[in-house]
Amino acid sequence: MATAGKVIKCRAAVIWEAGKAPSIEEVEVAPPRSHEIRVKIVATGICRTDDHVVKGFFPNINYPVIAGHEGAGIVESVGPGVTCVKPGDKVIPLIYKPLQNLMPDKTSRFTCRGKQIHHFLWISTFSEYTVMPDASIAKISNDAPLDKVCLFGCGFSTGYGAAINNAKVEPGSSCAIFGLGGVGLSVIIGCKAAGASRIIGIDINKDKFAKARELGATECISPEDFKKPINEVLVEMTGFGVDYAFEVIGRVDTELSQHAFISLLGWKLKDAIPKLVSDYMEKKFNTDALITHVLPFEKIGEGFELLYSGKSIRCVLLF
Ligand SMILES: NC(=O)c1ccc[n+]([C@@H]2O[C@H](COP(=O)([O-])OP(=O)(O)OC[C@H]3O[C@@H](n4cnc5c(N)ncnc54)[C@H](O)[C@@H]3O)[C@@H](O)[C@H]2O)c1
């Protein structure tokens, strides 16, 4: 492409310091170095983890930083040694190295107003162009709709994988899902695909119940409707407690008798994500219901407001 080897100027959402809302800026994105790939991001979801970066909840994140990690795009150019993709390929960036704030060689490809800007998870998808290591990318089918499968980079795969891979939910089993955001609803999709017979959705926001039922929850309850601890309620409902419990709220003070560790790290993502995309294209499951809002990238602030108000499950931003 004509831009290969050159610095690209483009839009990005920079978080200048912890606690400050992302600000749309013009940034310079340097060309990819050895074993790196520069990607034109087409669509990116907003995940609660991005809000944790905005709020400054991660102690080892340096600012200014470009967050975003649930994206999909097209390869613009590749650095020396890259063999897994070529310009024009459709790709999903992968969360490979938790909370890594610079590229593997400890430098940044982003600058803005003369300052170095940090990366997030090596992929920073809140930028129209972004650079990532070749380990952090999965090539997907060129027919895949990027505005839909961008969720596979984080929220959907985390939740679905927690049910299918981590917990290995068995047919006929009972499951409780605490928190019915994008990740919790993806757990429900996974539990249903695994053949669970009782899928109990738990959230303090009852507006989430209709979507949870649509995706496979057999019952939905709010802890605020009960005086007793919710684990006792679950024992009463099921006679003995549930076989699998998933904590998908993201609050350390949540009262739970069982925990399921939710992580993408158990997946061989480079293989798993393209397979999930193929399964989606073959209509083995439908994740479109998770996308409640679509906004142009400039309206990222509105997207975060929708997350805070509990009105959105996933808001997808389009460049
Ligand atoms: N790989 C990973 O480990 C990974 C990936 C994605 C997200 N996450 C984390 O998972 C968590 C969920 O992400 P999300 O995008 O679905 O968030 P979200 O904010 O959209 O959903 C959280 C849900 O929990 C509900 N909730 C809040 N307090 C509650 C309570 N006391 N009892 C019951 N429900 C309650 C909220 O109403 C909301 O529906 C976040 O903390 C996020 O950082 C982890």
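Checked across segment 232-246, the condition of being modelled with pLDDT under 95 and within 13 Å of Leu185 (Cα to Cα) holds for at least one residue.
Filter segment 162-179 for residues that are part of a helix (DSSP H, G or I) and more than 9 Å from the ligand (Cβ to nearest atom); which is farthest from Leu234 (Cα to Cα)?
If we filter segment 162-179 for residues that are part of a helix (DSSP H, G or I), which is where we start, we get 162-166.
Filter again for more than 9 Å from the ligand (Cβ to nearest atom), leaving 163-166.
Working: Ala163: 19, Ile164: 22, Asn165: 24, Asn166: 22 Å.
Across segment 162-179, the extreme among qualifying residues is Asn165.
When segment 16-38 is filtered for residues that are over 18 Å from Pro296 (Cα atoms) and either free of Cβ contacts under 8 Å to residues at least 60 places away in the same chain or in a loop (DSSP other than H, G, I, E, B) (or both), the ones remaining, listed by number, are Trp16, Glu17, Ala18, Gly19, Lys20, Ala30, Pro31, Pro32, Arg33, Ser34, His35.
Of the residues that sit in segment 45-65 and are touching an Asp or Glu at 6+ places or on another chain (Cβ under 6 Å) and open to solvent by less than 10 Å² (accessible area, probe 1.4 Å), which one is farthest from the ligand (Cβ to nearest atom)?
Taking segment 45-65 and keeping what is touching an Asp or Glu at 6+ places or on another chain (Cβ under 6 Å), we get 45, 47, 63.
Those left that are additionally open to solvent by less than 10 Å² (accessible area, probe 1.4 Å): 45, 47.
Numbers: Gly45: 9, Cys47: 5 Å.
The extreme case among them is Gly45.
Just so you know, in segment 137-162 the residues that are under 21 Å from Gly301 (Cβ atoms) and of a type outside the set (A, V, I, L, M) include one that is surrounded by the fewest Cβ atoms within 10 Å (Cβ to Cβ), and it is Asp147.
Taking Ile204 as the residue in question, decide whether it is of a type in the set (A, V, I, L, M), at pLDDT 95 or above and not in a helix (DSSP H, G or I). Walk me through it before giving the result.
Working: of a type in the set (A, V, I, L, M): yes; at pLDDT 95 or above: yes; not in a helix (DSSP H, G or I): yes.
Here the answer is yes, as Ile204 does meet what is asked.
Within the group Asp105, Asp134, Asp89, which residue is charged (D, E, K, R), open to solvent by less than 10 Å² (accessible area, probe 1.4 Å) and away from the ligand (no atom under 11 Å from the Cβ)? Full working, then the answer.
Details: Asp105 fails: open to solvent by less than 10 Å² (accessible area, probe 1.4 Å); Asp134 fails: open to solvent by less than 10 Å² (accessible area, probe 1.4 Å).
After ruling out the rest, the residue left standing is Asp89.
The residues listed here are Ile188, Ile199; of these, the one that is at pLDDT 95 or above and within 13 Å of the ligand (Cβ to nearest atom) is Ile188. Got at least one residue in segment 10-17 being surrounded by fewer than 24 Cβ atoms within 10 Å (Cβ to Cβ), in contact with a Gly (Cβ under 6 Å, 6 or more places away or on another chain) and assigned by TED's automatic domain parsing to the domain that holds Leu121? No.
Which ones in segment 42-93 are among the acidic types (Asp, Glu) and within 30 Å of Ala289 (Cβ to Cβ)? Passing the criteria: Asp50, Asp51, Glu70, Asp89.
The values are calculated or read from the model by the stated rules, or taken from the named source; none is laboratory data. In this text the structure is predicted, and so the values were computed from the model without any measurement. We place every Cβ from the backbone using ideal geometry, glycine too, and count neighbours over all the protein chains shown. The accessibility values were calculated without ligands, DNA or RNA, using every heavy atom of the protein model including side chains. Shrake-Rupley method; radii C 1.70, N 1.55, O 1.52, S 1.80 Å.
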